[in-house]
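Notes follow once the structure below has been shown.
The values are calculated or read from the model by the stated rules, or taken from the named source; none is laboratory data. As the structure is a computational prediction, the values presented were derived from the model and not from experiment. Virtual Cβ from ideal backbone geometry, glycine too; neighbours counted across all protein chains shown.
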Amino acid sequence: MKIKANSISEYLENISNERKVVMKKLIRTIGGNLPKGFKEQLGYGMPSWVVPHSLYPEGYHCSPDLPLPFMNIASQKNFIALYHMGIYANPELLIWFV
């Protein structure tokens, strides 16, 4: 389900009240538990957290002008989705992947 928005607050305005409560709680919980330095922004049309260029100048390998994506959440048609690149948690796997 694509939600047209230019900011996280606009994204939240365009979902049902039931989902809005859950999404706000997820945003607070995720944002409050990530290490210092992650940036919260709208990415790929959904709330996201990225590693900014100030911490990782190389950016996203597929599109270096974008910051490195870390996690996204989205209100889909029938569920709330969590998109997370967990490969960053395992240094050996990360080195193999990149």
Of residues in segment 32-59 being of a type in the set (F, W, Y) and within 24 Å of E10 (Cα to Cα), the one surrounded by the fewest Cβ atoms within 10 Å (Cβ to Cβ): Y44
Matching residues, segment 14-23, being surrounded by fewer than 14 Cβ atoms within 10 Å (Cβ to Cβ) and either within 14 Å of the chain's Cα centre (by Cα) or not charged (D, E, K, R) (or both): N14, S16, N17, V21
Matching option when the condition is aliphatic (A, V, I, L, M), closer than 15 Å to I73 by Cβ and at pLDDT below 95, among I3, I30, I15: I3
In segment 37-54, the residues that are among the polar types (S, T, N, Q) and either without any contact (Cβ under 8 Å) to a residue 24 or more places away in the chain or farther than 27 Å from M1 by Cβ (or both): S54
Candidate set: segment 55-98, residues that are assigned to a strand (DSSP E or B) and among the polar types (S, T, N, Q); chosen: the one nearest to E18 (Cα to Cα): S75
Some residue of segment 57-66 being modelled with pLDDT under 95 and among the small types (G, A, S): yes
Inter-residue pairs, beta-carbon under 9 Å, first within 15 Å of M46 (Cα to Cα) and in segment 8-36, second part of a helix (DSSP H, G or I) and of a type in the set (F, W, Y), 6+ apart: M23/Y11
Meets criteria (assigned to a helix (DSSP H, G or I), of a type in the set (D, E, K, R) and more than 14 Å from the chain's Cα centre (by Cα)) for R28: no
Matching residues in segment 55-94 - criterion: being among the small types (G, A, S) and touching a residue at least 12 places away in the same chain (Cβ under 8 Å): A74, S75
